[in-house]
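Have a look at the structure below, then the notes.
The values are calculated or read from the model by the stated rules, or taken from the named source; none is laboratory data. Bear in mind that the values here come from a model prediction, so they are computed numbers and not experimental data. Using ideal geometry, Cβ is built from the backbone for each residue, glycine included, and neighbour counts are taken over all protein chains shown. Accessible surface is based on the protein model in full, side chains and every heavy atom, while ligands, DNA and RNA are left aside. Shrake-Rupley method; radii C 1.70, N 1.55, O 1.52, S 1.80 Å.
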Amino acid sequence: MITLDTFYRKLSQVKSPSAQVPTSSEQAGFRRAQRLAYQCAEEIGRELRPGWSEKRTARLMDEYLRDHGVKSFFHRSFAWFGDRTRFQNFKHYWTFMPSSRELQETDVIILDTAPIVDQYAGDIGYTFSLQPHSGLKDAQDLLAEFRQVLPEWFSSDATPGEIWKKVDDRIRERGYDNCHALYPFAVLGHRLHRIPWARLPGVTVPFSLHSYWALLKRGLFPELLSREHTGEKIGIWAIEPHLGGAGFGAKFEEILVVEPGRAYWLDEEVPHARARGTT
Amino acid sequence: MLREETIRGLRTTWIQAGPTDAKLLTERPVLFFLHGFPDTAETWAGQTAEFSAAGFPVLASNLRGVGGSEPSPTLDRYHPDAVLLDQLQTLRQVDPDARSRIVVIGHDIGGIYAWDLARALGDRLAGLILINAPALEQLLRRAVRSPTQVLKSSYIALFQIPGISELAVKHLVPRLLKRPLPEGAEEELRLYRGAVRAIPRALLSKPTRIHAPVLVLWGKRDPYLEVPTEAEYGNLADQVEIRVLDEGHWMHSRKPERVNPLIARFVERLK
């Protein structure tokens, strides 16, 4: 009997045009997009004060990116505060959208944005808090572990689905919940693309028409790093492990480049690596 | 002193006076002035001189397109969100560690930006002063309740029309105001076009309430704006003091000797 899982596994094996080693100029393009996205998250993050709403934060992030020449987005900016950082009680697609929830002094904050810069999509996730947060440091330690081991796992023979399971197992062993399992298709990550139509503004709710089209025309399932993925690993991925602790969540999201037998983060100049002095 | 920095790719200027030493920035609140139309930061000359001499750090922003602040080819940079980012990043230039507390002072359309900045500053806001400057929410409510205000504000509709409004600003407005306009005054029309784009959000969302003290100074001989009532601020701020003076729309620049003592008393009480 063919189950849905089996069906997804078969579909993930479809050869995707994304499954190729990016050239150095393509890597430079993706790096520029990622750096601008992180710059945005850091600069707007620096202005955050208690009382800011998720909506205002996301709006100002989008404004910042547009002021830096971004005309289109892979997805618009998200901001999540407090227990919304672990997607507490998120039942519908629209619940993920930035809300009127106001930032409290002790909240954990996640900023996530995905601008398209000169046709290259970046997609980042940045977690921090205004005040020291007792649980966040431990969660970030685990995320730092993932940042170290994920390139090793992607360099091995493990399938994407097996890597998904390894991440899931480690998250649960450490007493956290797997919050990226709550994303659409429960993805640990997804491919990123050059999006040639990016000069058009697109309709972005929150993912742009460009991004939906880019994913769909490549078969969708090879592009999404789900637990069922048994297809190719080669190419560019936005990897986003997301843990849930007591009343908060934490993630990072950045680009991993996978070549035959080798995988590496596209850029070491990312805030969570800089903060740990691992750049 | 006129300072200039590139902020999100555009040259942005502001007047800065008074102490700027990092330690001194925390001893007294920074007074942050936001001008209106058709003005520049120079409109606050009567305030910047006096309050900087009194030992306050003083900033007076030049809005996009005037006073040396580079105009933008896109209307996006005139949206209130972009103006807010300009002000936050200007503050960041002066106080990189965000240690200072701020008194925000706005006049005319500068009041819209002053409310936005006040809301964004959160607990850094020491106080808010509006001088003949309504909040956007206030204006929208008046558009429904006050036909007189609609008439007085009808120039805003004219300002939405490119070409005609620039001609009006160039040829008609100086005659009406009996003074020359600053260079780039036509650029300021785009602030009105940007502000109009913020109307749907202002209508649909609840404004963030200001908890810091608010002082409203109003020249009652203002031909463009009706004198406000306390009720208008009901959902905008916790504590509002309204002082009505027998002066005109530009009383801060024409009669600083009447306005400054009120500002000084308000700021003194903030301690």
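List of remarks:
- Under the span-like rule (Cα at least 24 Å along the axis, Kyte-Doolittle mean at least -1.0), DSSP H helices of chain A: A:134-155
- Per-pair calculated FRET efficiency, R0 = 30 Å: B:Gln239 and B:Ile164 via Cβ, rounded to 0.05: 0.10
- Working note: Cα gyration tensor of segment A:61-160, eigenvalues times five, square-rooted, sorted largest first, giving semi-axes of 24, 23, 14 Å.
- Cα gyration tensor shape for segment A:1-114, rounded if a/c is under 1.5, else prolate or oblate: oblate
- Of all DSSP beta bridges in the protein assembly as shown, antiparallel share, percent nearest 5: 65 percent
- Whole-Hz couplings from phi, Karplus 6.51/-1.76/1.60, listed for segment B:225-238; x for Gly and Pro: 9, 6, 5, x, 10, 4, 4, 5, 9, x, 9, 9, 8, 6
- Near the amide H of B:Gly219, within less than 5 Å, lie the amide hydrogens of B:Asn132, B:Leu245, all on another chain or at least 5 residues away, with H placed in the peptide plane.
- Residues of segment A:67-96 whose accessible area, computed with a 1.4 Å probe over protein heavy atoms, drops by at least 40 Å² once all protein chains are present relative to their chain alone are A:Asp67.
- When the charge dipole of the protein assembly as shown is built from unit charges on Cβ atoms (+1 for Lys and Arg, -1 for Asp and Glu) and taken about the Cα centre, the candidate among B:Pro73, B:Pro174, B:Val83 whose Cα reaches farthest toward its positive end is B:Pro174.
- Farthest positive-ward along chain B dipole, Cα basis, beta-carbon charges - from B:Thr20, B:Trp44, B:Gly194: B:Gly194
- Calculated [θ] (222 nm, deg cm²/dmol) that DSSP helices of n ≥ 4 give over chain B, each run adding -39,500 (n - 2.57): -10000 deg cm²/dmol
- Which listed pairs, of A:Lys91/A:Lys165; A:Lys15/A:Lys137; B:Lys152/B:Lys255, have C-alpha distances above 31 Å, in listed order: A:Lys15/A:Lys137
- Averaging 1/r over each pair of different alpha-carbon atoms in segment B:81-219 and inverting the result gives 16.6 Å, the Kirkwood hydrodynamic radius.
- Ratio Rg/Rh, restricted to segment B:139-266 and using Cα atoms, in which Rh is the Kirkwood radius: 0.98
- Computed FRET value (nearest 0.05) for A:Phe90 with A:Gln39, which takes r as the C-beta separation and R₀ as 35 Å: 0.80
- At full extension, B:Lys23 and B:His171 could sit 48.5 nm farther apart than now, given 0.36 nm per residue minus the alpha carbon distance.
- A crude spin-label estimate for the pair B:Leu204 and A:Gln131, with each label 7 Å from Cα along the Cβ direction, gives 3.4 nm.
- Loop-located trypsin sites (Lys or Arg not before Pro) in segment A:148-192 (DSSP state other than H, G, I, E, B) with a sparse environment of at most 16 neighbouring Cβ atoms within 10 Å: A:Arg174.
- Cα shape, chain A, gyration tensor, a/c 1.5 rule: rounded
- Cα gyration tensor category, rounded, prolate or oblate, for chain B with a/c compared to 1.5: rounded
- Only helices enter this figure: runs of n ≥ 4 DSSP H residues, each worth -39500 (n - 2.57), summed and divided by the residues of chain A, yield -11000 deg cm²/dmol at 222 nm to the nearest 500.
- R0 of 25 Å, Cβ-Cβ distance A:Arg32-B:Arg92: FRET efficiency to nearest 0.05: 0.60
- With the convex hull drawn over the C-alpha atoms of segment B:1-119, the volume per residue is 90 Å³.
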